[in-house]
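We did not get these values from a lab; they are worked out from the coordinates using the rules stated. Computed from a predicted structure; not experimentally measured. Cβ atoms come from the backbone with ideal geometry, glycine included; neighbour counts cover every protein chain shown.
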Amino acid sequence: MAVGSKSFPRDVPSEPWVSNAETGKGTGTVQSSAATLLQIALGYMLIEVVLWTPLGRFHTGVMILATVCIFLFVAFSDYSTYELGLRLPSAQRAFTILAIGLAAAAMIIAVATLRGQPIPANPGWPRWNGVWQYAIWAIVQQFILQTFFYLRLESILGSRWAVWVAAVLFASAHIPNPVLTLATLLGALFFCEMFRRYRSIYPLGIVHAMLGLSLAASFPDALLRHMRVGLGYLQFH
C-alpha cells in the first residue's frame, strides 16, 4: 500500500487531513476521477447484488467478488494509512466519538422505554453472546463506508459533499427496511463527519455496534425484522 496521498496536500507536516477537511476540496485529476467513479459504481453494484439475490452459489460468489474487489481497490490505492482511517485515534478524539455514540444509544433505549416498549423488544434476539461478532461486523461496515466509499467520494466531490453522498449510499443499501434506512442515514452522517474530522474507523465501529444493538433492543421484529435488508427483509417470516 502506497504511503502517498491523492486527496490531501503532501506538504502538510502534521494532521494531513486538516486542509482538505476545512476547505472541502479534493485534488483528483479528471482521469483519476473517472477511475474512482468506476470503482465506486462497481463496489456499490456488487453490494446491491449480494443484498438482493437469494442464498446460493451465485450469492456466495458475488459476495466473495465484492470482498476481493473492495480489498484490492483499497490495498492498491495511493492513500496513507492515516487517510484510510486504519490508525488508532488520540484518546481525546476517541472519547469524543464514543461519548456521543453512547449518549445516542442511551437516548434510543430511553425513548422506547418512555413509549412503553419492553426492553428488550424481542426476547431471545439478538443473542447477546454474539455481541463481539456484531462489533467486528460494525467495524467492517465502517471500513466499507469510510475507507472505501467516503475517501473516493471525497477525492471527487470534496469532504463536505462526500459526507452527504456517502451517507445516502449507505442508507440506500438498507432499503426496504424503514427503520434501518432512516437510522443509517442519520448514523452515517455522524460517522462520515467524525471520519472527516478524526480519520479512524475503530471508534466509529464501536459506536456503530452500540447503536445497532440499541435499535435491536428497542424495536419489535414487526418493524425491524432481525435488522435484515434487501431480499432478506422481504422474505422474513
Among Arg93, Arg199, which comes first, second and so on when ranked by fewest other beta-carbon atoms within 10 Å?
Arg93, Arg199
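Could you work out the equivalent-ellipsoid semi-axes for segment 18-234, taking the square root of 5 times each eigenvalue of the Cα gyration tensor, largest first, in whole Å?
Gyration-tensor ellipsoid for segment 18-234: 29, 22, 15 Å.
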Value at 222 nm in deg cm²/dmol, rounded to 500, when DSSP H runs of n ≥ 4 in the chain each add -39,500 (n - 2.57):
-21000 deg cm²/dmol
Mean separation of Cα contacts under 8 Å (at least 6 apart) over the residue count of the chain, i.e. the relative contact order in percent, is 31 percent
One finds the C-alpha centres of segment 181-203 and segment 49-102 to be spaced, in Å, by 13 Å
Read phi for every residue in segment 160-166 and hand back ³J(HN,Hα) as whole Hz from Karplus 6.51 cos²θ - 1.76 cosθ + 1.60, θ = phi - 60°, with x for Gly and Pro.
6, 5, 4, 4, 6, 5, 4
Karplus-derived 3J(HN,Hα), 6.51/-1.76/1.60, for each residue of segment 217-228, Hz, glycine and proline x
7, 10, 10, x, 5, 4, 9, 8, 6, 6, 6, 7
Sparse-neighbourhood loop hits (chymotrypsin sites (Phe, Trp or Tyr not before Pro), segment 198-236; DSSP loop; Cβ within 10 Å at most 16 others) -> Phe236
With x for Gly and Pro, the residue-by-residue ³J(HN,Hα) of segment 97-102, computed from phi through the Karplus equation 6.51 cos²θ - 1.76 cosθ + 1.60 at θ = phi - 60° and given in whole Hz, is 5, 5, 5, 5, x, 5
Taking 8 Å as the Cα distance limit and 6 or more residues as the minimum spacing, I'd like the relative contact order of segment 103-229 as a percentage.
42 percent
Scattering from the C-alpha atoms of segment 146-237 alone, worked out with Debye: what is log10 I(q)/I(0) at q = 0.11, 0.20, 0.22 1/Å?
-0.33, -0.93, -1.05
